[in-house]
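Notes for the one structure printed next.
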Ligand code: 5AD
Ligand code: SF4
């Protein structure tokens, strides 16, 4: 495998393109008229739910400035990519997008005041003279910083998530004619709160309660790209949940890289489990989800809260990463296999049937066949309801980058395939046990097939079911499970409509 951090920047600097350091104004930001002229933006998001939600906030900020969102980069004045760098493949994606936007070379010459062909780039239409603003947001922005300007000089905004609160100011600077702006501070002690968040999902409202990560897993870029942990004050969170409930949301998902490491910065000093309960008690809220939990900070208080409050969803995403004690140590995960299994036992002994999902990495440097077998045996022991499995991807700045004993790519692929197959069988058998059960489903999708709907259970299972009701989107419906596949349940709604008051 190639260098982990070779994310293809070089390929973007086409022959004949002067480098950004020559100071050529390739992209002229429009002079203060973008918003007034009804500016448009295109926003594409890569990566995790935190990124999805950050994009909702970014969209909110732009809409508040008078921009309209459009469906294609061609139609947009401002093109933004909210990027992910958790694995090499994810980071590469944005650079191939940026490559597609490279201005036609003649435009660059024209921008320099030279004779040149001013046709648009035939591969995509970025008009360098037309005042397009191209921005890279998120983890790749934070990781690569100014380097992005060097290699893709048509980019004019680079901003990491820890600096999003500065976005309105940065955009104003571009509108005022600045050619390049950055927001790359990482030691911000504020979280990104906006007046307006444009929420994409009409049924599930996401809400970040803790930003960044103070753990230091040896393979992970997040502490570098999202900065240190910062929790949002509980009163501010709960006030937003009340507003969301007033707007008609019934399901809230609390977000954080390590959501259960939440530490209320206010005098109220709410524990994470207290916050779950307080959220569940807000009138109108019927489901409270939370992700991602870190095993070290996961305790009985959270399981008790789930047991005692039906509105707190019976689902915990608890990444284990490996079943091998040695690999867990090398990963600096801060818990042992036994400690992890104790947390699982806490959940298994609860009165409610808590769905447990996880993340697993195969092929960490030095992972032996024996280590891998321990991961398989842990999967058998836990019987996960879902697992996101990844091949280890070496990332810049991380301690594991320099570890010896890299596992060959083919071996990683072999282990991944075995893991996926094992997990598929576990899910098939777990889902089959639910046939005959009656489950409450929040309906969030309508199939093209007549009378077919889909939704999620409290345990976050997908259910595809039939109902003759006219419109049950957003309703809570009782569904009888009639069949199962590894990834979803099949069922029929008990009543024509399950609409709830
Ligand atoms: N290589 C492979 N997977 C990774 N993850 C995080 N960093 C890496 C990496 N360098 C996975 C972990 C984490 C999930 C979000 O991504 O499993 O829980
Ligand atoms: Fe990365 Fe570990 Fe923090 Fe999760 S807990 S974001 S894997 S450093």
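Values in this text are rule-based calculations from the coordinates and carry no lab data. The model shown is predicted, which means the values in this text are computed figures rather than measured ones. Cβ placement follows ideal geometry from the backbone for every residue including glycine, while neighbour counts extend to all protein chains displayed.
Odds and ends about this structure:
- Maximal additional length on extending the residue 200-residue 146 stretch stands at 16.4 nm, based on 0.36 nm per residue less the C-alpha distance.
- At full extension, residue 421 and residue 380 could sit 13.5 nm farther apart than now, given 0.36 nm per residue minus the alpha carbon distance.
- In this label model, residue 216 and residue 72 are separated by 4.9 nm, measuring between points 7 Å along each Cα→Cβ vector.
- Distance between modelled label sites at residue 239 and residue 308, nm, 7 Å Cα→Cβ extension: 2.7 nm
- Net length gained if the chain between residue 451 and residue 172 were fully extended (0.36 nm per residue, minus Cα distance): 95.6 nm
- Rounded, prolate or oblate (a/c below 1.5 giving rounded, otherwise prolate when a/b exceeds b/c) for region 154-245 by Cα gyration tensor: oblate
- Based on the reciprocal of the average 1/r between different C-alpha atoms, the Kirkwood radius for region 338-492 equals 17.8 Å.
- Near-label residues of region 387-412 by backbone N, under 17 Å of a point 7 Å along Cα→Cβ of residue 485: 387
- Contact order relative to length of region 229-355, as percent, for alpha carbon pairs under 8 angstrom and 6 or more apart: 23 percent
- Structural size metrics of region 140-186, computed from C-alpha coordinates, are Rg and Dmax of 10.1, 27 Å.
- Efficiency of FRET between residue 165 and residue 296 - r from beta-carbon atoms, R0 30 angstrom, step 0.05: 0.55
- With semi-axes defined as the square roots of five times the eigenvalues of the C-alpha gyration tensor, the equivalent ellipsoid of region 255-397 measures 29, 17, 13 Å, largest first.
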